[in-house]
1. Can you list the chymotrypsin sites (Phe, Trp or Tyr not before Pro) in the range 230-334 that are in a DSSP coil and have 16 or fewer other beta carbons within 10 angstrom?
2. Aspartates and glutamates near residue 458 by alpha-carbon distance under 16 Å, same-chain residues fewer than 8 away left out - which ones?
3. Which value in nm describes the separation of the simple spin-label points at residue 313 and residue 512, placed 7 Å from the Cα toward the beta carbon?
4. Between residue 532 and residue 839, take the C-beta separation as r, use R0 = 30 Å, and let me know the FRET efficiency to the nearest 0.05.
5. Hey, what angle do you get for helix 820-829 against the long axis of the chain, alpha-carbon based, 0 to 90 degrees rounded to 10?
6. On the accessible surface of the range 1-159, probed at 1.4 Å, how many percent belong to carbon and sulfur atoms?
7. Quick one: pull the percent of accessible area on the range 269-382 belonging to carbon and sulfur, 1.4 Å probe, ligands and nucleic acids left out.
8. State the Kirkwood hydrodynamic radius of the chain in Å, one decimal place, computed from all pairs of distinct Cα atoms.
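The values are calculated or read from the model by the stated rules, or taken from the named source; none is laboratory data. All values derive from a computational prediction rather than experimental measurement. Cβ: placed from backbone, ideal geometry, glycine included. Neighbour counts: every protein chain shown. In case anyone asks, the SASA skips ligands and DNA or RNA and just uses the protein heavy atoms, side chains included. Shrake-Rupley method; radii C 1.70, N 1.55, O 1.52, S 1.80 Å.
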Amino acid sequence: MGRMSGRFSTFDSALAAFEKFSPVSRRRLDSHPDWIDWLSAIVANPRTANRGPGRWRMDWRELCKARAEAARKLDAVRLLKQREQLRIGFLDFAGLYSWEETTLDLSRLADFCLGIVLQVVCEELHVDGMPLAILALGKLGGQELNYSSDIDIMFLAGEEETASLATLCTTIAQRVVSGLSDSGGVGPLFRVDLRLRPDGNAGALVPSFSECERYYAASGETWERMALIKARFVAGEPDLGYEFEVLRQQFSFPRHFSEEVFEEIAEMKARIDGEVLLGDRRQRDVKLGPGGIREIEFLAQALQLFYGARQPIVQVRPTCGALRSLATVGILPSPQVDALIAAYGFLRNLEHRLQMIEELQTHLLPTEAEARAEIAGSLGFTAPAFESALQSHRSVVHELFQKYFIKRESTSIHVDLESFAFPEEAARNLEALQARDALLSAPRAARAYRRLAPFLAKTLNGAVDPDAVLRRFVSFVSKYGARSFLFESLAANPKALELLMKLFDASSFFSEILFAQPELFEEIAQSRSLGERKGRDDYLEELSRLPGDVALAARVYRRGELLRILLRDILGLADLPEVQREYTALAEACLELACRIFGCGSLAYIGLGRFGGGELAYGSDLDCLCIGSEEQAALAVHRFLGETLPAGILFAMDYRLRPHGEGPLALSVEAYESYYTHEAQFWEIQALTRARFVAGDAKMGERGIAMVDRIWNERTASCPVDEIVSMRGRIERERNAGVSPLQRFKTGAGGLLDIEFGMILWLMKERRREPNLWTAIGHLRASEPKLAQVLRDGYEFLRRLEAVLRRERNQQQEILPEDPTALEQLGRRMGFSTREEFLNAYEGQRKMIRAAYRELCERAPRLPH
């Protein structure tokens, strides 16, 4: 017959050599002599050499004839597969196909056969609507199939699976496997391997999507991540295939992955070597032996796992495609990739020759020199050149594999149990972290903990209260669920672990929020909001978009935002005044939301105390005056913010500074003005210094603030300094009288009230009402810079001290702890090395504050006697 290109000059010479090399092909041609002319026609016309699903379907219909029974249809596709595989083998052997064209064509043929078998089974069962999808994995998934490969497949069912639908899916899957595996009168299509599905042979034959999702999150191993890199939808319901594709990307390319993946894969390879490569197989096995196909695949897949989330370009299925993409983004040098691709092509061609002989799944080189020489000749080599090329390629591959998968020396840091107050309890807690959860894969959980352990030890060794931190971490892990996933994420992102442990070290209250809502931590830690300051309008916009029950949703939202503010605080992303402003803005937004929900009309809220000053802290109440006539609306707002629901309250409202401290919540502007003009004591006028409109009707708020300014200016024009100083002295003597003055950092000498009373005296002298003490101290700086600096430093020190104490339980706190250990821990949280160093600084600030207060009192103008 005619001439041809490739390794042979004529079709006849190529066919003779092919039949001699491949006895199984010769037997098929003997059984179907008409295939020789068919093959010759294809070779003679290159345009017909590349055949695909469209042509195959036409040929299949011709082979099975109209209205054929299922068995006849399956025999027809088996016959078609044999003929097409003969074509591919001949084109490969003759040098008319590259190894990549060969594997792609074999894979496309397998895809077609799978689709036909599924179609035949569903027609036979009269299935209305496709209930499942078939996914290809392994070499078929990567479109790199061999002549005698098993096909790794997995069945997948949808979410809404009833018992009857589950039974139908199982029946379809069983019959598809039988149709692929049974020989009929022609020979089997493919050997089927289903072990890559969740839980392997012990798992459901057709798992649902949600079952897969749960399994991979809780129990998926590294080898399964590698397997799913190549997972590909091939037949059935395409929407299910798309859903699984999203899951595949999330599972196989996690955002956080430790470099220990290389060690783990090296251990997997070592186990394979120990279990399979016995005797002379080590050098004969071109797939599993040193420098073999598997080492190239493992190297590519390990780098895909590690870099895939950051470099989506490497998320490809074929091995050589992955290697090329790794070179594109500079992860692997181009010369190394060129060498690996050359070796992979050589070894895959060699593997094809080994399997082409009898279509057996073998990767072993023969031991006889004659047989090896025959294989060398089929590849276009002399025997010595073949052996040299084989050795060269395998040496390059193995050297690169060892470079990336070398066993690293352990740099573990161990937890120092002596740093714990209760070392036995700490030891039990550390053991609890290593205990297997019934939902998890034990090997994966153990590996994840080993990765985490050094980072965990480092954070515990640096904690102020390691006992509490470890106890809280164990509780958080138990609530989180997917322990191995959590450990892997934290080990890959030590900064997140450090942040989590700082939170546990800072507050039991906020730790409990995380126990109730573990997902909050990841949401906040991964969002950009940690680095951003939110204002009242930001909060209000987010609150207005909450779905469902607003009262409950707002409380859940508040929890998350308080946690975010705390994290900004302990990470130093916001200074103390900024933390106070954010806390206040959140409270204002919640109050404004309530006003809008209950249609408060002309109701306005004036903040007093720290709320008015914009200086709310952990556990603060909202001191308010309510101006207007809508009492029922005011009561509804009060209930909305203060009612205890499963997610707690929003904010506690405090109306004790209203006229007489009792009676209706809402009063008119005129009622307030009359009271403050004729009845109020001077300390109540003093409280108005910090008044500020915070929520409700803006016009009514303007009227209220105008009234406050007018009353404050009139009543403070004749400021009774001695009365204010006397009141400060009475508070110092009487409040918490049974507690040591040194412990009373708010009411004691040189405490916070010295600063507040002193600055109010100065503001009254200057005829300047300013709600915010930070701002007021800033005004003082213009005329008295040294005095202002003392007050600023003292105010920041004591407010920081107060914040550290308050955030533990999110409660008001104005007493220094007495216990030496608690004082030691407080000092460390304040940034001091020892209790003594902290107490010295604390006492020094108190003394300077008292001196500054006395100076402000002396400068205040007194009324003539």
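1. none
2. 416, 418, 467, 498, 505
3. Going by the 7 Å Cα→Cβ label model, 5.2 nm.
4. It comes out at approximately 0.20.
5. Around 70 degrees separate the two axes.
6. In the range 1-159, the share of accessible area belonging to carbon and sulfur is 50 percent.
7. Working: 2410 of 4450 Å².
Carbon and sulfur atoms account for 54 percent of the accessible area of the range 269-382.
8. Hydrodynamic radius (Kirkwood, Cα pairs) of the chain is 33.5 Å.
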